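Visitor: There's a structure below that I have some questions on.
The values are calculated or read from the model by the stated rules, or taken from the named source; none is laboratory data. What you see is a predicted model; the values in this text were computed from it and never measured. Cβ coordinates were reconstructed from backbone atoms using ideal geometry, including for glycine residues, and neighbour counts include every protein chain displayed. Remember, those area values only see protein heavy atoms, side chains included, never the ligands or the DNA or RNA. Shrake-Rupley method; radii C 1.70, N 1.55, O 1.52, S 1.80 Å.
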Amino acid sequence: MSISPGQARWTLVIASLMVGATLRAQPRWAEWGPGLEVAEVAGAGDGAWSLVAVRVDPARFEVVVLSAGAGGQALTADAWAHEHGLTVVANAGMYRKDGRTPVGYLRSDGREVGGHWARKWGAALVAGPPEGRHPPATILDASCDGPLREAARGWRHVVQGLRMLTCQGENTFRPGGRRAARLAAGVDGAGRLLFVFHRTPVTEHDFVAHVQEAGLDAHRLMYLEGGSEASLYLRGPSREIRFGGIGSTELGQWTRLPEGVFLPIPNVIGLRGRDHDPDSGVPASPPPKR
């Protein structure tokens with residue numbers, strides 16, 4: 001894959017962030033655009049690990065859920081971005097073997113896409129609030145917000161996910177289990193959205209522990225996807241960041257694509273700059289293709 005000068009410069013920025021974070025064990029946020037920042041944090045020692053975090057001010061970015069639906073075409077994360085004028089794209093949760101149906105509940109612009117409210121999952125990303133409600137997007141937690149079905153009523157976009165870090169600061173997973181690259185969504189203490197991609201294959205429990213160790217100030221965290229399907233993509237006029245294709249290990253066997261190569265996914269969370277704030281998106285988001 002060829003890399004433009006802009007992409008090469010951004011790669012150097014990410015590399016310097018990674019080195020700095022290793023020394024200080026704290027994230028160094030680099031501005032991708034107004035209201036959108038990126039940091040890469042690495043843990044040293046025998047259990048060395050690396051994760052990338054995207055931090056978003058939901059007042060500056062519209063958060064949408066898009067779905068291929070029953071008869072549509074699953075797209076790669078970068079294709080979703082270009083087709084719909086998105087600056088950031090991430091998986092909108094896990095899906096079933098049919099390649100379409102969400103495992104948990106999914107709502108796209110008021111339309112129920114499929115799936116059902118998984119009884120024990122405990123968290124949901126919501127955007128497009130009922131009239132008069134704030135914030136524009138957040139993570140609901142059944143422990144603090146009550147039953148999700150009721151708490152999510154009236155929100156235009158809903159993605160249910162496995163709760164990883166509760167609103168009370170508890171890691172919901174026990175140590176051990178399969179290791180995989182993993183992607184999660186969360187919110188920090190200021191109400192900003194977080195998207196965290198753990199590049200090093202890791203268990204769910206250790207994922208949460210590393211997010212806490214990384215100093216991201218995550219107050220809630222929910223699982224989106226793992227393994228080779230996990231995708232996080234950012235694009236700008238002359239640069240992009242691609243995290244995907246990192247597989248998982250089961251019974252000692254690896255499944256892996258070249259890093260940065262995306263698999264098609266049927267449902268995505270997308271972010272685009274709000275129309276009333278032309279400086280909020282990098283790039284200025286073009287209108288979706290019809």
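Visitor: Heavy atoms only, probe 1.4 angstrom, no DNA, RNA or ligands counted: give me MET164, MET94 ranked by accessible area, highest first. Show your work: numbers first, answer last.
Guide: Working: MET164 0, MET94 55 Å².
Result of the area sort, largest leading: MET94, MET164.
Visitor: Okay, next question. Accessible area per residue for region 46-99 in Å², computed with a 1.4 Å probe and the full protein assembly in place, what is it?
Guide: Solvent-accessible surface per residue comes out at 37 Å².
Visitor: Report ³J(HN,Hα) in whole Hz for each residue of region 152-167, in order, from the Karplus equation J = 6.51 cos²θ - 1.76 cosθ + 1.60 where θ = phi - 60°; Gly and Pro get x.
Guide: With coefficients 6.51, -1.76 and 1.60, one gets 8, 4, x, 6, 6, 10, 9, 10, 7, x, 5, 6, 10, 10, 7, 5 Hz.
Visitor: Which distance in Å, rounded to a whole number, links the C-alpha centroids of region 147-198 and region 71-118?
Guide: Cα centroid to Cα centroid, the span is 17 Å.
Visitor: Would you calculate the volume per residue, in Å³, of the smallest convex hull containing every Cα atom of region 106-191? Before the final figure, lay out the partial values.
Guide: Details: hull volume 10.2 nm³, N = 86.
Residue-normalised Cα hull volume stands at 118 Å³.
Visitor: Order these peptides, 194-205, 209-220, by their mean beta-carbon neighbour count within 10 angstrom, highest first.
Guide: Working: 194-205: 22.2, 209-220: 20.0.
So the order, starting with the most tightly packed, is 194-205, 209-220.
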